[in-house]
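This report concerns only the one structure given below.
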Amino acid sequence: MTATKPGVGLDADVLDMTLAAIDEFADRHLTTELVLRWDHEDECPVDLVHRMCGADLGIHLLFVPERYGGMGAGSLDVCRVCERMARIDLGVATSVLATALG
């Protein structure tokens with residue numbers, strides 16, 4: 001179950017595809033060497049964050065209701081995505097996902 005109540009949130013297949021897309025993006029763009037360098041230099045890869053929220057991944061659509069062209073994810077879906085991204089790199093995950101707190 002991916003949503004807190006029926007009709008809210010992503011179905012299991014869409015959530016699985018979203019998590020797989022995050023993994024694929026990370027495999028291509030978030031190498032261990034880059035992540036370690038960013039952490040060491042206390043650097044935020046702004047252009048990468050823009051790509052994650054743009055056409056490359058579109059992660060920002062997770063928080064937008066479907067009626068406005070988004071994915072309409074529920075709170076459990078967002079938690080799963082946050083967890084997956086934080087496992088890859090906490091700094092990048094925070095940069096991408098903290099914007100949704102507002």
Quiz item: To the nearest 500 deg cm²/dmol, what mean residue ellipticity at 222 nm is calculated for the chain from DSSP H runs of n ≥ 4 alone, each contributing -39,500 (n - 2.57), summed and divided by the residues?
Solution: -17000 deg cm²/dmol
Exercise. Roll a 1.4 Å probe over the protein chains and send me the accessible area per residue for the chain in Å².
Key: 63
Quiz item: Extent of the chain along each principal axis, from alpha carbon coordinates, in Å, largest to smallest?
Solution: 44, 23, 21
Quiz item: What does the convex hull of the Cα atoms come to per residue for region 36-90, in Å³?
Solution: 80
Self-check item: Low-density loop positions, GluC sites (Glu not before Pro), the chain - DSSP coil, at most 13 other Cβ in 10 Å
Solution: Glu43
Quiz item: What part of the accessible area of the chain, given as a whole %, is carbon or sulfur when the probe is 1.4 angstrom?
Solution: 56
Quiz item: Taking only Cα atoms, what is the 0 to 90° angle, nearest 10, from helix 75-88's long axis to the longest principal axis of the chain?
Solution: 20
Quiz item: How high is the relative contact order of the chain, in percent, counting Cα pairs under 8 Å that sit 6 or more residues apart?
Solution: 33
Quiz item: In whole Hz, what ³J(HN,Hα) sequence does region 42-50 give by Karplus (6.51, -1.76, 1.60; θ = phi - 60°), x for Gly and Pro?
Solution: 6, 10, 9, x, 4, 5, 5, 4, 4
Quiz item: Taking the chain as a Gaussian network, Cα atoms linked when under 10 Å apart, which of Leu36, Leu48, Leu19 shows the biggest mean-square fluctuation?
Solution: Leu36
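The values are calculated or read from the model by the stated rules, or taken from the named source; none is laboratory data. Just so you know, these numbers come straight off a predicted model, no measurement behind them. Please note: Cβ atoms are built from the backbone with ideal geometry, for glycine as well, and neighbour counts cover all protein chains shown. Note: areas computed on protein heavy atoms with side chains; ligands, DNA, RNA excluded. Shrake-Rupley method; radii C 1.70, N 1.55, O 1.52, S 1.80 Å.
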